[in-house]
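Inspection log for the structure reproduced underneath, given as structure tokens.
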């Protein structure tokens, strides 16, 4: 049997999410008079069909109000974080009077409160993380996302600073990449040369597929522009790659490149074949024959 104190039902300062979570936490804390270890945030999220990070935020609010407590449990050398109903509420669950629930004070500390580490270690990590984000010119929300992700997975680490450094570097790379691509939107017009290269690709496709519909926007030319200005390929590289795809040598790979986006995505692979020795033949500059090279070598 599970008893829910009346003051939790009548409490005026609980959100709808908090009201949904409290009964489940009580159910997994006290059952038929026996106290259990509590419930994990991931299990709660599954039961409520909510995002686990949102559940953690609600649990944090309940911990602030001293309705829920965090409990760290060691299982096979791994610390796991569980949530239980506060011990003071269990002791007073048969009371019929209203109980004021005080906010958590700064002096109240709990071991393994943040992530899987003591509070003092968390403060050191937080100071390091915010300093690193400032140097990398990243928003402080990056640390918030990092903490929520690690807590939702009950992660344990022997070097949290290294873990966050890797997280911050990935985030910096992601933001840098998205910002670079964002510059080339629909308002950034490609050059005539880039339009011609895109049209070269489209023309080849139209010859092998009469039903091919030519794009009505700049998107294909913009992919060519990215190949040249972001990826560093020359117009000659792109021309040779397109011609190779529609030649006897590259026909086997052409179905993998049905549009310009795929051309850019797979261009490294394509250009490697174009530049390699194919069919045991060496590609020589235009106007130079192997006999000319042989005669020069003999004269030496």
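The values are calculated or read from the model by the stated rules, or taken from the named source; none is laboratory data. Computed from a prediction, not measured in an experiment: that's the story for all the values here. As a convention, Cβ positions derive from the backbone with ideal geometry for all residues, glycine included, and neighbour counts pool all protein chains shown.
Among the residues of segment 28-49, those that are modelled with pLDDT of 80 or more and surrounded by fewer than 17 Cβ atoms within 10 Å (Cβ to Cβ) comprise 42, 43, 46, 47, 48, 49. When segment 251-287 is filtered for residues that are modelled with pLDDT under 70 and on the phi < 0 side of the Ramachandran plot, the ones remaining, listed by number, are 277, 278, 281, 282, 283, 284, 285, 286. Taken over segment 43-52, the residue count meeting the criterion of being over 13 Å from residue 154 (Cβ atoms), in a helix (DSSP H, G or I) and touching a helix residue (DSSP H, G or I) at 6+ places or on another chain (Cβ under 7 Å) is 2. Under the condition of being without any contact (Cβ under 8 Å) to a residue 40 or more places away in the chain, in a helix (DSSP H, G or I) and within 23 Å of residue 189 (Cβ to Cβ), the residues counted in segment 207-223 number 2. Just to be sure before I move on: is residue 120 at pLDDT 85 or above, outside any strand (DSSP E or B) and under 29 Å from the mean Cα position of the chain (by Cα) in the structure I sent? Considered against the rule, which asks whether it is at pLDDT 85 or above, outside any strand (DSSP E or B) and under 29 Å from the mean Cα position of the chain (by Cα), residue 120 comes out as no.
The one condition from (1) modelled with pLDDT under 65; (2) surrounded by 18 or more Cβ atoms within 10 Å (Cβ to Cβ) that residue 185 does not meet is (2).
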